[in-house]
Amino acid sequence: MLRCSLLKPSCFCQCLKAFNSSAFQERVIYSGIQPTGIPHIGNYLGAIKNWTQLQNAPGQHIYCIVDLHSLTVPKDREETQTSMKQMIACLLACGLDPHKSIIYKQSDVHQHTQLAWIFSSLVSTVRLRRFPQWKEKSKALADTHGLYSYPVLQAADILLFNTTHVPVGADQNVHVHLTNEIGEKFNKIYGETFQKVEIQDTPCSRVLSLRDPTSKMSKSASTHMSRVNITDSDDDIWLKIRRAVTDSQSKVAYEPETRPGVSNLIRVSYCCYVLQDYK
């Protein structure tokens, strides 16, 4: 079986041809991550660790560094290139194996944007305005077309490879639902082309900020104390955990609604344990 060298478009296309004819008969897992800095423990527990274990199962495993998605917030060219190298290094260090999985850069495959343009005519602006992520991010960042329409590009990312399963957290389920809506509409107009994509549940999909346990841990948060990066030293990790926002109660209990800070730390501890044996 052909395997893809890291970030080589020509080799990637060969790999695609090798499995595309049988994509409807086998399991195809697809997921992506933005190159916006060093991954934190939320990225690791919610995605990367899961990928390293899934790659040992039968089927095709495709993982994308979605640099086009990261451009919804304009960045310096050198910063973008540095972040790309850092992300590749971190994925390999965490155990993602280019001999078992296809790992590639989104912008190297032009069909992503070509298919997204076709899909953009199949989804209404009213439908896109319903996405809670757009409402939240447009307030915090900027009300741009890229931020508004990125779910369409995400649908193209997934359907381009006849994906059967996407490992995502609960907050991303709406994007998979939109992907299936677009695929069904395309099939009705142009003939049977795309199959339905199933959601692959992840055991630890939501790790919250250490400074604001009402929101997800984020690489773009203003304070580095809000997250534990996978490159942090032991001393830095202990410092961040000790200073994490909790509450004044002495009892340790998992009560996400009323005690989000303590519950977040319990969830992180549980995820570190359960992913040792998760398949």
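The values are calculated or read from the model by the stated rules, or taken from the named source; none is laboratory data. Bear in mind that the values here come from a model prediction, so they are computed numbers and not experimental data. Here the Cβ positions follow ideal geometry from the backbone for every residue, glycine too, while neighbour counts run over all protein chains shown. Surface areas here come from the heavy atoms of the whole protein model, side chains and all, with no ligands, DNA or RNA. Shrake-Rupley method; radii C 1.70, N 1.55, O 1.52, S 1.80 Å.
Cα-based count: Lys pairs in the stretch 80-233 below 28 Å, eight or more positions apart or different chains? So the count works out to 24. To the nearest 0.05, what FRET efficiency results for A57 and A89 with a Förster distance of 30 Å applied to their C-beta separation? Efficiency, rounded to the nearest 0.05: 0.75. Solvent-accessible area assigned to carbon and sulfur over the stretch 169-262 amounts to 49 percent, based on a 1.4 Å probe. Over every Cα atom in the stretch 29-130, the radius of gyration and the widest Cα-Cα span, Dmax, amount to 15.1, 43 Å. Distances between placed amide hydrogens fall under 5 Å for L210 paired with R227, all partners being 5 or more residues away or on another chain. Summing charges over neighbours of K85, with a neighbour being any other residue whose Cβ is under 12 Å away from its Cβ, gives -2 when K and R count +1 and D and E count -1.
When the Cα positions of L122, A93, S107 are compared along the charge dipole of the stretch 36-126, A93 comes out farthest toward the positive end, with charges on each C-beta of Lys, Arg, Asp and Glu. Computed with a 1.4 Å probe over protein heavy atoms only, the accessible surface of the stretch 63-213 comes to 49 Å² per residue.
Taking the alpha-carbon centroid of each part, what is the distance from the stretch 180-196 to the stretch 197-270 in angstrom? Value for the Cα centre distance between the two parts: 39 Å. Note on the stretch 178-227: Kirkwood hydrodynamic radius from all Cα pairs is 14.0 Å, rounded to one decimal.
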